[in-house]
Amino acid sequence: MKLLRFPQLVQVLVFQRLGLDGLFMLSLCSQKMRNQIKSTFRAKSTGLSMVLDSRREEGYIYFEGLFDHFKVITWIVENPETTPRESSVLFLKFDTDMVSCGLSFDTDTGHPSFGFDEDNWKSAPILMYNYISDLFHTSSDIQFITNTRSFEDLPNIKIFKNFYHEGLRLAGSKLDAFFETHEITNCAMILPYIKTDDLFSRGSIKRRSSLLKVKHLLVYKANFLVINNILSFRGSHAVFLESYMKNNDIKKFLKLWLAGRFRRLDYLLITKLYTPFDPENILFEFNTMPFDESRRSAMYINKTAMIDFIPADCKQPDWSKGVDIEREKDSMLATIVLERNQFHFCVWKDRFPKQIPTTPDYNGFPKRLREGMYLPYRSIPQLRI
């Protein structure tokens with residue numbers, strides 16, 4: 001059937017029935033077919049996301065719609081000595097790059113799976129990502145989710161917009177090495193328990209680790225961080241959950257902020273494990289002011305991509321119940337909301353921010369991913385650990 005000879009309305013109806021994985025496969029038939037799909041396909045999207053499940057040696061690329069997500073392709077790592085060749089072999093041309101791979105289809109859904117050998121499994125996924133991004137008119141920014149214990153098995157990607165690590169355990173030295181050699185331009189979220197080299201010590205990353213210069217950073221199990229790590233944060237938004245911070249650590253942070261440090265900081269949240277904070281003991285040393293609606297708003301708006309990943313019980317405190325401190329050097333105002341198990345700190349660079357809608361994706365992190373294992377308050381990709 002010569003599809004391109006049919007009227008455009010017929011082509012559109014056919015394309016709608018195929019689904020995104022079918023459109024991708026159809027686009028590989030010829031340059032004319034690819035161009036026709038590009039000119040016909042229209043759908044709102046927050047971008048693509050790439051998922052690498054290192055336990056199963058599988059990867060996926062998703063098209064992130066505004067209200068749902070769609071798996072476009074799956075790829076696996078093939079070992080000629082252990083992987084039976086049950087798929088057909090084809091050569092894919094992505095612009096100037098030629099990639100050989102195996103191809104098989106799910107017998108129930110017809111979803112395509114590509115098999116890459118050791119020669120191209122690091123380069124092929126990013127070639128396909130860029131191809132799909134161009135085909136479906138999405139941003140080429142890399143949004144990446146993985147559960148790897150060794151960053152050596154990641155594709156050859158050096159710059160990520162958003163990076164989400166989902167796993168159980170990860171060595172601090174490997175985390176350090178990864179962020180030394182890779183750039184995260186927007187948001188990083190770290191879920192695993194970070195192991196230490198010494199059983200009896202807590203700090204397992206460098207004091208000024210490159211992890212701490214990510215613009216928006218969320219660490220779920222921050223008990224591996226010491227106060228010198230937190231004082232080395234160079235981004236604008238940070239969330240450190242389940243930390244071992246003490247009263248004196250919070251005092252030290254506040255004194256440094258008042259002295260002129262942390263010029264980029266907009267928001268900081270620290271939650272506590274075990275011994276609770278003593279709000280009166282901490283705030284006693286500072287000249288604080290009660291809420292005044294003429295001085296600032298009662299609501300701080302966190303516009304970052306990680307806002308939906310923060311636990312519901314500590315996402316948005318009542319800022320009108322907090323106390324204010326002002327930095328003399330530049331008259332910058334900040335608010336402290338301090339409870340026994342939470343420390344919230346926001347800097348009012350805009351003292352009366354305009355209200356914005358909460359439904360769109362603010363900064364491009366996948367808004368509609370599969371239901372996750374660990375975070376019932378947020379939908380994330382589920383990887384088998």
Requested in this report: Could you give me the residue pairs with C-beta distances under 8 Å whose first residue belongs to the range 20-48 and is at positive phi, whose second residue is assigned to a loop (DSSP other than H, G, I, E, B) wherever it lies, and which are 6+ apart or on separate chains?
Outcome: Gly47/Thr138; Gly47/Ser139; Gly47/Asp141; Gly47/Gly364; Gly47/Pro366
Query - Residue under evaluation Lys252, criteria (1) modelled with pLDDT under 95; (2) under 27 Å from Leu225 (Cα atoms); (3) not hydrophobic (A, V, I, L, M, F, W, C), criterion not met - result: (1)
Requested in this report: Could you please let me know if Thr185 is open to solvent by 10 Å² or more (accessible area, probe 1.4 Å) and either assigned to a loop (DSSP other than H, G, I, E, B) or modelled with pLDDT under 90 (or both)?
Outcome: no
Query - Hits in the range 97-149 (condition: open to solvent by less than 10 Å² (accessible area, probe 1.4 Å) and within 23 Å of Leu18 (Cα to Cα)) - result: Cys101, Gly102, Pro112, Phe114, Gly115, Pro125, Met128, Tyr129, Ile132, Ser133, Leu135, Phe136
Query - Sole exception among (1) part of a loop (DSSP other than H, G, I, E, B); (2) at positive phi for Glu242, by number - result: (1)
Query raised in the report: When the range 29-67 is examined, which residues are found to be of a type in the set (Ser, Thr, Tyr), touching a helix residue (DSSP H, G or I) at 6+ places or on another chain (Cβ under 7 Å) and under 24 Å from Phe160 (Cβ atoms)?
Result: Ser54
Query raised in the report: Residue check, Phe94 against (1) open to solvent by 30 Å² or more (accessible area, probe 1.4 Å); (2) modelled with pLDDT under 85; (3) of a type in the set (Phe, Trp, Tyr), all met but one. Which one?
Result: (1)
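A quick yes/no check of all residues on (1) closer than 25 Å to Arg261 by Cβ; (2) in contact with a Ser or Thr (Cβ under 8 Å, 6 or more places away or on another chain); (3) modelled with pLDDT under 90:
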| residue | (1), (2), (3) |
| --- | --- |
| Lys315 | no, no, yes |
| Glu326 | yes, no, no |
| Met332 | yes, no, no |
| Thr335 | yes, no, no |
| Glu339 | yes, no, no |
| Lys349 | yes, no, no |
| Asp361 | no, yes, yes |
| Pro366 | no, yes, yes |
Query raised in the report: Within the range 292-310, which residues are farther than 11 Å from Phe352 by Cβ and modelled with pLDDT of 90 or more?
Result: Asp292
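Just to be sure, is Asn223 polar (S, T, N, Q) and open to solvent by 50 Å² or more (accessible area, probe 1.4 Å)?
Here the answer is no, as Asn223 does not meet what is asked.
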Query - From Lys321, Lys252, Lys246, Lys303, residue being open to solvent by 60 Å² or more (accessible area, probe 1.4 Å), of a type outside the set (Phe, Trp, Tyr) and closer than 17 Å to Ala188 by Cα - result: Lys303
Query - Selection status of Phe105, in the same structural domain as Glu58 (by the TED database) and either within 27 Å of Lys303 (Cα to Cα) or in contact (Cβ under 8 Å) with a residue 60 or more places away in the chain (or both) - result: no
Query raised in the report: Can you name every residue in the range 156-182 that is modelled with pLDDT under 90 and out of contact with any Ser or Thr (no Cβ under 6 Å at 6 or more places or on another chain)?
Result: Glu166, Gly167, Leu168, Arg169, Leu170, Ala171, Ser173, Lys174
Report summary line: Counting only residues that are within 16 Å of Gly59 (Cα to Cα) and buried (at least 19 other Cβ atoms within 10 Å of the Cβ), the range 150-182 contains a total of 6
Query raised in the report: Could you say whether any residue in the range 262-270 is in a helix (DSSP H, G or I), open to solvent by 30 Å² or more (accessible area, probe 1.4 Å) and either among the β-branched types (Val, Ile, Thr) or out of contact with any strand residue (DSSP E or B) (no Cβ under 7 Å at 6 or more places or on another chain) (or both)?
Result: no
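The values are calculated or read from the model by the stated rules, or taken from the named source; none is laboratory data. In this text, all values refer to a predicted model and were calculated from it rather than measured experimentally. Here Cβ is always computed from backbone atoms with ideal geometry, including for glycine, and neighbour counts include all displayed protein chains. Just the protein is used for accessible areas: all its heavy atoms, side chains included, with ligands, DNA and RNA removed. Shrake-Rupley method; radii C 1.70, N 1.55, O 1.52, S 1.80 Å.
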